[in-house]
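The values are calculated or read from the model by the stated rules, or taken from the named source; none is laboratory data. Just so we're clear, the structure is a prediction, and the values are computed from it rather than from any experiment. All Cβ positions, even for glycine, are placed from backbone atoms using ideal geometry, and neighbour counts span all protein chains on display. Protein only, heavy atoms only, side chains kept; ligands, DNA and RNA dropped before computing areas. Shrake-Rupley method; radii C 1.70, N 1.55, O 1.52, S 1.80 Å.
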Amino acid sequence: MTSARVSTAVLISGRGSNMQALVEAATDPLFPASIDLVIANRPDAEGLAFAQAHGIKTALVEHKDFADRQAFDGALLAELLAHHIEFICLAGFMRVLTPDFVACWAGRIINIHPSLLPDFKGLDTHARALAAKVSEHGCSVHHVIAGLDEGKVIMQARVPVMQDDTPATLAARVLREEHRIYPLALAEVVREMD
Ligand code: GAR
């Protein structure tokens, strides 16, 4: 018996390596989500080329074209509805979404963040982890709610912090774990959806 896969959009702002990990996981026909749309808010988002090369529909919704967050989120919503999207993964999407948009997608929008939440919400997580001299760092996949990086954590992965780490070496170690857990977390959440 086959069941319909959950039609998923990935929102990116740049490199898109987490989006790529999700796309690769979804090539398995048993993966419970299909990646059907990639939306970027910047025309130079490198991930757009990967998505296009893999036959995935892409959309560019440039935040600078809109007067305010509400108008930008309205344009995002229009793209998502036009493509019959059921679930959203934020993957390096560097825009804060409005509470109305988030409420509309409650339980159907998740994000990956490069820290062990609730530690180091926000930006520059690797430099801040090094400055705080933590011995472990990592990444979290979490539900998205109106408060930035505050939704319930779905899955985390830990990495050791080495004495000679720079933000770049630590980021690379964390990123490998991001690519491993994001597909696992997406599969877990969509399997639990009714
Ligand atoms: C990733 O490390 C992701 O966790 C982080 O941006 C990077 C995007 O890389 N996200 C955030 O900081 C969100 N606040 P990618 O474009 O290669 O996936």
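Assorted remarks:
- Boolean, A75 is in a loop (DSSP other than H, G, I, E, B) and open to solvent by less than 70 Å² (accessible area, probe 1.4 Å): no
- Residues in the stretch 1-22 that are open to solvent by 10 Å² or more (accessible area, probe 1.4 Å) and outside any loop (DSSP other than H, G, I, E, B): V6, S7, S17, N18, Q20, A21.
- Count of residues meeting criterion [surrounded by 17 or more Cβ atoms within 10 Å (Cβ to Cβ) and over 27 Å from H137 (Cβ atoms)] in the stretch 102-111: 2
- Sole residue being within 15 Å of the ligand (Cβ to nearest atom), over 18 Å from E24 (Cα atoms), touching a residue at least 60 places away in the same chain (Cβ under 8 Å) and within 20 Å of the chain's Cα centre (by Cα), chosen from V153, V174: V174
- Count of the stretch 123-137 residues, restricted to those that are surrounded by fewer than 24 Cβ atoms within 10 Å (Cβ to Cβ) and part of a strand (DSSP E or B), is 1.
- Flag for I56 being modelled with pLDDT of 95 or more, over 21 Å from E178 (Cα atoms) and either touching a His at 6+ places or on another chain (Cβ under 6 Å) or more than 16 Å from the ligand (Cβ to nearest atom) (or both): no
- Residue match in the stretch 82-101 (condition: polar (S, T, N, Q), more than 13 Å from the ligand (Cβ to nearest atom) and either surrounded by fewer than 15 Cβ atoms within 10 Å (Cβ to Cβ) or assigned to a strand (DSSP E or B) (or both)): no
- Qualifying residue in the stretch 35-47 (condition: at positive phi, under 14 Å from the mean Cα position of the chain (by Cα), within 16 Å of the ligand (Cβ to nearest atom) and open to solvent by less than 50 Å² (accessible area, probe 1.4 Å)): no
- Among residues of the stretch 32-52, those that are over 17 Å from L97 (Cβ atoms) and of a type in the set (S, T, N, Q), counted: 2
- Residue within the stretch 112-122 that is within 15 Å of the chain's Cα centre (by Cα), crowded, with 21+ Cβ neighbours inside 10 Å and outside any loop (DSSP other than H, G, I, E, B) present: yes
- Condition broken by A21, with the remaining ones in (1) of a type in the set (G, A, S); (2) under 14 Å from G92 (Cβ atoms); (3) more than 11 Å from the ligand (Cβ to nearest atom) satisfied: (3)
- Residue among V174, V159, V141 that is at pLDDT 95 or above and either open to solvent by 20 Å² or more (accessible area, probe 1.4 Å) or more than 20 Å from M94 (Cα to Cα) (or both): V159
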